[in-house]
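So the structure is just underneath, and the comments pick up after that.
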Amino acid sequence: MKVFGFAGYSGSGKTTLIEQLIPLFIEKGLKVSLIKHTHHDFSIDQPGKDSYRHRNAGCSEVMVTSQYRWALVHELRDEPEPGLNEQLARLSPCDLVLVESFKNETIAKLEVHRTAIGKPLLFPQDPNIVAIASDFPLETSLPQFRLDLPGTIAEFILQQTGLIQHG
């Protein structure tokens with residue numbers, strides 16, 4: 001599986017850009033998965049539902065399954081948070097894994113930057129950022145892409161990961 005990351009501050013447009021890129025990769029016949037890291041507590045099961053009640057009662061893992069999808073909720077219960085490699089090993093095989101917000105991982109990343117956010121660029125401190133998508137031209141030797149041109153960003157990612165050859 002090829003892995004490519006996205007970095008940027010909250011509100012920069014990472015999720016929106018990724019949402020635009022996924023259909024472009026699928027059009028090329030690729031099977032795509034995504035791992036998103038969040039610093040917030042989150043739950044995919046809701047209070048009152050059976051899965052929530054079972055997890056709340058103490059289960060380490062609860063799997064919910066139907067004819068449409070399945071989800072596995074693993075409660076860490078004082079275990080350390082798994083790293084990206086551990087999480088990648090849990091995914092079913094695919095062609096491309098997009099990774100959102102694993103800032104400290106040593107994977108190739110595209111920085112998504114919006115000037116309106118008013119935050120500094122990440123690339124000067126992160127040697128794993130290989131390109132920038134922004135709403136404004138920046139002073140850098142890194143490849144730059146306009147945020148409103150996801151097709152060119154998709155082509156760059158496919159070249160970067162070796163899923164297509166340059167040319």
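The values are calculated or read from the model by the stated rules, or taken from the named source; none is laboratory data. Note that the structure is a prediction, hence the values are computed from the model and not measured. A quick note on method: Cβ atoms are made from the backbone with ideal geometry, for glycine too, and the neighbour counts reach across all protein chains shown.
Comparison of PHE156, PHE123, PHE145, PHE136 shows that the only residue that is at pLDDT below 95 and either surrounded by 16 or more Cβ atoms within 10 Å (Cβ to Cβ) or touching a Pro at 6+ places or on another chain (Cβ under 9 Å) (or both) is PHE123. Highlighted here are the strands (runs of 3 or more DSSP E) found entirely within region 3-80 that include at least 3 residues which are touching a residue at least 40 places away in the same chain (Cβ under 8 Å) and of a type in the set (A, V, I, L, M): 32-36. Condition check for SER92 on (1) in a loop (DSSP other than H, G, I, E, B); (2) more than 20 Å from the chain's Cα centre (by Cα): one failure, at (2). Can you find a residue in region 82-97 that is among the acidic types (Asp, Glu), within 15 Å of PHE4 (Cα to Cα) and touching a residue at least 12 places away in the same chain (Cβ under 8 Å)? There is at least one residue in region 82-97 that is among the acidic types (Asp, Glu), within 15 Å of PHE4 (Cα to Cα) and touching a residue at least 12 places away in the same chain (Cβ under 8 Å). Listed by position, the strands (runs of 3 or more DSSP E) inside region 96-140 whose residues that are closer than 19 Å to GLY11 by Cβ and among the β-branched types (Val, Ile, Thr) number at least 2 are 129-134.
Within region 133-145, residues that are free of Cβ contacts under 8 Å to residues at least 12 places away in the same chain reach partners that are not hydroxyl-bearing (Ser, Thr, Tyr) with beta carbons closer than 7 Å, at six or more positions or on different chains, in the pairs PRO137/GLN144. Here GLU81 fulfils each of the conditions (1) surrounded by fewer than 13 Cβ atoms within 10 Å (Cβ to Cβ); (2) modelled with pLDDT under 90; (3) over 20 Å from the mean Cα position of the chain (by Cα) apart from (3). Do the conditions hold for GLN159, that is, is it touching a His at 6+ places or on another chain (Cβ under 6 Å) and part of a helix (DSSP H, G or I)? The answer is yes for GLN159. Under the condition of being crowded, with 17+ Cβ neighbours inside 10 Å and not aliphatic (A, V, I, L, M), the residues counted in region 21-32 number 1.
For region 61-77, the count of residues that are surrounded by fewer than 17 Cβ atoms within 10 Å (Cβ to Cβ), at pLDDT below 95, in contact with a helix residue (DSSP H, G or I) (Cβ under 9 Å, 6 or more places away or on another chain) and among the small types (Gly, Ala, Ser) is nonzero. You will find that of SER92, SER101, the residue that is of a type in the set (Ser, Thr, Tyr) and surrounded by fewer than 13 Cβ atoms within 10 Å (Cβ to Cβ) is SER92 and no other.
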